[in-house]
Amino acid sequence: MSAPPSGSLEQIALGIGTLGMALGTLAFVAMGSGETDERKQEFFIITTFIAGIASVAYFSMFQGFGVISVELANGTTLERIYWARYADWLFTTPLLLLDLGLLAGADRNTLATLVGLDAGMIVTGLVGALATGGGSSLSPGATRIAWWGISCGFFVVLLYYLVSTLSNLAAQQSGDVASLFSTLRNLVIVLWTAYPIVWIIGTEGTLNIVGLGVETVLFMVLDLTAKVGFGFILLRSRDVLDQASAAAGVAAD
Ligand SMILES: *C/C=C(C)/C=C/C=C(C)/C=C/C1=C(C)CCCC1(C)C
C-alpha cells in the first residue's frame, strides 16, 4: 500500500475520478428512483453499478490500495502499476456491454460472447501489466507488449461483434432505439480504442512516452466519459428505453 504523492497529478486525477464517479452514481440512483417498469429498471440498475464500482475502485487507488511495483527480469522496476483498474474493468466493461446488448435486443448467446471476449481482453491486459519477462525468451518489454497484443486481439473481435451482430440486431428495433444504439456504440468504439493506446504509451508499455501523472489523467477522463457520460446519454433517453423494453417484452412473450 503506497499512496500517490500528495499534490501529484496522479493523486489529483484519482481524486477527481473518485468524486466524478460518486456524483455519477448518485445521479443515476436519483434518475432511476421513480422508475417502476422492470425492464427499464434493468438499465438503471446496471448503469448505477458501473459508476458505483468505479467509485470504489478510484477511492481505493486514491488511498494507495491496488497499486504494486513490478520488478522486471532485466532489473528495472516499474514502481507503480495500478492493478485495481483491471478489477474495476473486469466488472464494469461487461456491464457496459450488457447495457448496449439489452438496448440492441441481443439474445443470451450474443451477450455471453461479448462478455467472454471482454473478460479475455481485460485478463490478458492484466497479465501484460504484471509480466516481468522472467522465463521468457523475449525481453521484459517485448513480453509485456506481446500480452498487450493478445489483449488487442480480443478487443478487435469484440469490436467486430459490435459493428456486425449487435448493430444488425439494433437495426431491427425502432428508429429511435437504433439511433440511440449507434450513438452509444460509436462512443464505445472511440473511447475504448483509446485505452490500449494510453496503456502502450504509458508506464505499462515500458516505452516511457508519457509518465504516470499524464497517464492517470488520461485514464480518468476516459473512465468518466465511458461510464458516467455513457450512462447519462442512455438513461436520459426515457422514451427510447420505453420502446426498447416494450420490444424486449414482445420478444420474451
Ligand atoms: C470504464 C472502463 C472502460 C470502458 C475500460 C475499457 C478498457 C479497455 C478497452 C482496455 C483495453 C486494453 C487492451 C485492448 C490492450 C491491453 C491493455 C488494455 C487492458 C488497456
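Out of all the residues in the range 104-139, which are in a helix (DSSP H, G or I) and away from the ligand (no atom under 16 Å from the Cβ)? Walk me through how you get there before you give the answer.
Of the range 104-139, the ones in a helix (DSSP H, G or I) are 104, 108-130.
Listed by number, the residues that qualify are ALA104, ARG108, ASN109, THR110, LEU111, ALA112, THR113.
If a residue must be in contact with a Gly (Cβ under 9 Å, 6 or more places away or on another chain) and among the small types (Gly, Ala, Ser), how many such residues does the range 27-51 contain?
2
Name the single residue, out of those in the range 193-215 being part of a helix (DSSP H, G or I) and more than 13 Å from the ligand (Cβ to nearest atom), that is farthest from LEU158 (Cα to Cα).
Initial filter on the range 193-215 (part of a helix (DSSP H, G or I)): 193-201, 212-215.
Within this subset, residues satisfying the condition of being more than 13 Å from the ligand (Cβ to nearest atom) are 212-214.
Working: LEU212: 28, GLY213: 30, VAL214: 28 Å.
Selected residue: GLY213.
Condition check: exposed (fewer than 15 other Cβ atoms within 10 Å of the Cβ) and among the hydrophobic types (A, V, I, L, M, F, W, C). Does VAL198 satisfy that?
On the way: exposed (fewer than 15 other Cβ atoms within 10 Å of the Cβ): no; among the hydrophobic types (A, V, I, L, M, F, W, C): yes.
No; evaluated as a whole, the condition is false for this residue.
Could you tell me whether THR225 is on the phi > 0 side of the Ramachandran plot and in contact (Cβ under 8 Å) with a residue 12 or more places away in the chain?
On the way: on the phi > 0 side of the Ramachandran plot: no; in contact (Cβ under 8 Å) with a residue 12 or more places away in the chain: yes.
No; evaluated as a whole, the condition is false for this residue.
The rows are residues; the columns are (1) of a type in the set (Phe, Trp, Tyr); (2) under 21 Å from LEU212 (Cα atoms); (3) surrounded by fewer than 19 Cβ atoms within 10 Å (Cβ to Cβ).
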| site | (1), (2), (3) |
| --- | --- |
| SER69 | no, yes, yes |
| GLU79 | no, yes, yes |
| PHE91 | yes, no, yes |
| ALA119 | no, no, yes |
| LEU130 | no, yes, yes |
| SER136 | no, no, yes |
| SER139 | no, no, yes |
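Among what's in the range 30-57 and is away from the ligand (no atom under 16 Å from the Cβ) and within 22 Å of TRP89 (Cβ to Cβ), pick the residue that is surrounded by the most Cβ atoms within 10 Å (Cβ to Cβ).
Quick first cut of the range 30-57, residues away from the ligand (no atom under 16 Å from the Cβ) only: 30-45.
Filter once more, keeping what is within 22 Å of TRP89 (Cβ to Cβ): 42-45.
Details: GLU42: 18, PHE43: 25, PHE44: 21, ILE45: 15.
So, considering only residues that are away from the ligand (no atom under 16 Å from the Cβ) and within 22 Å of TRP89 (Cβ to Cβ), the one surrounded by the most Cβ atoms within 10 Å (Cβ to Cβ) is PHE43.
Looking only at residues in the range 141-169 that are closer than 30 Å to PHE181 by Cβ and among the hydroxyl-bearing types (Ser, Thr, Tyr), which one is surrounded by the most Cβ atoms within 10 Å (Cβ to Cβ)?
Per the criteria, the residue is SER151.
Restricting attention to the range 82-99, does a residue exist that is part of a helix (DSSP H, G or I), under 29 Å from ALA178 (Cβ atoms) and away from the ligand (no atom under 16 Å from the Cβ)? Before the answer, list the steps.
At the first step, the residues of the range 82-99 found to be part of a helix (DSSP H, G or I) are 84-99.
Restricting the remaining residues to those that are under 29 Å from ALA178 (Cβ atoms) gives 89, 91-99.
Subset that is away from the ligand (no atom under 16 Å from the Cβ): none.
The answer is no; no qualifying residue exists.
Throughout, read-outs are computed from the coordinates displayed, never taken from laboratory work. None of the values given here were measured: they were computed from a predicted structure. Don't worry about glycine lacking a Cβ; one is built from the backbone with ideal geometry, like all the others, and counts go over all protein chains shown.
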